[in-house]
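Data block below; observations after.
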Amino acid sequence: MHPGAIRQSLRYSFKDGLFYSIMFGFGDLFLVAYCIALHGSAQAVALVATLPGFIGALSQLYTTETIEMVEGRKKIINFVVFFQALMWLPIILVPYVAGGSVPVLIACAVAYAVMGAFSVPAWSSLISKYIPVRSRGTYFGWRSKTLGFVVVASNFAAGGVLWLFGKGSMAGFTIIFSAALVCRFVSWAYLTKMYEPPHYPAPEAHFTFWDFIRRSGKSNYARFVFIVGAMSIAVNMASPFFAVYMLRDLKFNYIVFTLITLSATFTSLVMMQRWGKHADVVGNIRVFKTCACVIPVIPLFWLFSHNAAYLMAVQFFSGFFWAGYNMSVSNFIYDTVTPPKRSRCVAYFNVVHGAGIFIGALCGAFLAPRLPAIKGCPLLTLFLLSALLRCVPALCTRFVREVRAVRRVNNADLFYSILGLKKNIVTDID
């Protein structure tokens, strides 16, 4: 590999991420609100929130074979990202050409997600070639934090645009989604400039998704993937309906809704790099287990008050632990999977994770109108049920082991070090 080309590619990758983040903040994060504005039902909201991700994840089953067929990861990335950018156009036109049809919106969102998801295993395989193993937690923590702030700023700006135009107005959505379209094209332009190191497919790295499932009893990585998938089911029974609860039941305006939503994102971004530095030392599995044990209690806080300031505080707490969970999940894949198998294993992880999101949301959509109400709201009962079910995968994390040499610390020292309340266990932490 050429060090100069790698450094330049990391710069291009960061710029790609910058414009992708703006697109995400202006576009993806408001698709559920768009569906609600088009008078979509709770079931439709669940489908918009999860079906695109699920179908997109399934499409990744064929990414590795396609990479080998076209002999390159960049070709795949450049082709599908270009068409993903184009898909914003029909999404924008739904109220004007399709009469505001929610099924048409769902179909467009699925096509958009498939284009984006198909590139993920190829991108993950490519970017992992650039970063040394011992620096991945620090690098991806920094990258996620920096670009995440861009998401927050973009999301807040988009919420302001929608607030200016008022609820029910399609003009605000047209503006923010048009910005998303332009930014994705700029992101695509930077992706085309990245250097691709030679890629030599290894025959022994080929195994089917069915092979992956059959090995789950013996494979540490497979156990990890299915535990994350189970957590995704439990979490997403409730996750799509927090927006419904805030916009429909609590009748928050877009500014309040955006502020509460961004509270978790903001905390997650602030803490991502700090979690990453600790994970480089204590291991991703230690961080994964610690955060997974706290995640079940988060929905319970929504039962006590509907005050906006209180819910923002809950989201700050949520973002702290979700930062560590998401970072450790992503980085453990790089730790435990060899490069020849990486794109395939990323694809299989995303299939299981996407299936979990989809199954959880469908269960939530089915149960939401049928559950007894807490304080007059069945969604609060759904949040309670989600909290209880999260305990199962949290307990199962004990069956996943670390795969590299790490420093042993107890949970209390790790927690206090993350918060800066005791001496840091990471000597070079900022």
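No value in this document is a laboratory result; all are computed from the given coordinates. From a predicted model like this one, the values you see are computed outputs, not experimental measurements. All Cβ positions, even for glycine, are placed from backbone atoms using ideal geometry, and neighbour counts span all protein chains on display.
So if I place +1 on the C-beta of Lys and Arg and -1 on the C-beta of Asp and Glu, and nothing else carries charge, what would the dipole magnitude of the chain be about its Cα centre? I want it in debye, nearest 20.
920
Which pairs break 32 Å Cα to Cα here: K75/K145; K74/K289; K167/K193; K129/K289?
Cα-Cα > 32 Å for K74/K289; K167/K193; rest within.
Restricted to Cα positions, what overall size does region 259-400 have along the principal axes? Three whole-Å values, descending.
Sorted from largest, the Cα extents of region 259-400 read 53, 31, 26 Å.
So who's got an amide H within less than 5 Å of the one on Y195, skipping anything under 5 residues away but keeping other chains? H placed 1.01 Å off N, in plane.
S9
So what is the orientation-averaged projected area of region 191-301, using the convex hull of its C-alpha atoms, in nm²?
Average projection, Cα convex hull of region 191-301: 12.0 nm².
Label D413 and H306 with points 7 Å out from Cα along Cα→Cβ: what is the distance between them in nm?
If labels sit at D413 and H306, their model points lie 4.7 nm apart.
Kindly provide the trypsin sites (Lys or Arg not before Pro) of region 219-299 that DSSP labels as loop, not H, G, I, E or B, and whose Cβ sees at most 15 other Cβ atoms within 10 Å.
Filter output for region 219-299: K251.
Across all directions of projection, what mean area in square nanometres is found for the Cα convex hull of region 11-108?
7.1
Along the principal axes of its C-alpha atoms, what lengths does the chain span, in descending order and rounded to whole Å?
54, 48, 43
In which sequence would H306, H278, H353, H39 go, from the one with the fewest C-beta neighbours within 10 Å to the one with the most?
So the residues, fewest neighbours to most, are H39, H306, H353, H278.
Based on other C-beta atoms within 10 Å, arrange L18, L395 from fewest to most.
L395, L18
If each DSSP helix of 4+ residues adds -39,500 (n - 2.57) and the sum is divided by the residues in the chain, what number results at 222 nm, nearest 500 deg cm²/dmol?
The per-residue figure over the chain is -24000 deg cm²/dmol.
When only alpha-carbon atoms are used, what values of Rg and Dmax, in angstrom, describe region 286-343?
Expressed in Å, the Cα Rg and Dmax of region 286-343 come to 15.5, 51.
Between V403 and Y96, what length in nm is gained on full extension when 0.36 nm per residue of separation is reduced by their alpha carbon distance?
Separation in residues times 0.36 nm, less the Cα-Cα distance, equals 105.2 nm.
Starting from the Cα-Cα distance between F14 and H39, subtract it from 0.36 nm times their residue separation and give me the gain in nm to one decimal.
5.3 nm
For the residues D413, D335, what sequence is obtained by ranking on other C-beta atoms within 10 Å, fewest first?
Result, fewest neighbours first: D413, D335.
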